[in-house]
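Taking it in order: structure first as structure tokens, then the write-up.
All of the numbers you see were taken from the coordinates with simple rules; none came from a lab. Everything numeric here is computed off the predicted structure, so don't read it as measured data. When we count neighbours, we look across all protein chains shown, and the Cβ atoms used for this are built from the backbone with ideal geometry, even at glycine.
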Amino acid sequence: MPIPKTKTPALRKPAPRKPAPRKPVVWKLRLYVAGQTPKSIRAFANLKMLCEEHLKGRYQIELIDLRENPQLARGDQIVAIPTLVKKLPLPLRTIIGDLSNSVRLLVGLDLRKVD
């Protein structure tokens, strides 16, 4: 007795799934200063301006005054001020100075590739 032919169902590709929306990465930046010196004020202003331009709504700046909390310098091995430490996203980065060189700052924070 011959085997009856059966119809195989047509194979359908599953509908493509939309990837789950990712939460934007929050940049955690720590700026070490020593009081309200012109260089410290300039560093904070330069950092704030860069963050508003490139990371709007996705950053947190922690301002640490080493005159008030000198013990905090040890944790991030601060040897000069002002110093910016990028905690997140990894990798950890450290930039020393008043942050006035925006190209150097962008490259240091991995927001722009070296030309």
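Against the chain, whose longest principal axis comes from its Cα atoms, helix 38-54 is set at around 20 degrees.
Of (i) 1.03; (ii) 0.97; (iii) 1.47, which one was derived for Rg/Rh (Cα atoms, Kirkwood Rh) from the structure shown? Matching the structure shown: (iii). Helix content alone sets the calculated 222 nm mean residue ellipticity of the chain: runs of n ≥ 4 DSSP H residues at -39500 (n - 2.57) each, divided across all residues, give -6500 deg cm²/dmol.
Between Glu52 and Thr94, the distance separating the two model label sites (each 7 Å from Cα on the Cα→Cβ line) works out to 3.0 nm. When both segment 32-51 and segment 70-115 are represented by their alpha-carbon centers, they are found 12 Å apart.
Shown for the chain: lysine pairs separated by 8 or more places, or found on different chains, whose C-alpha atoms are under 13 Å apart, numbering 5.
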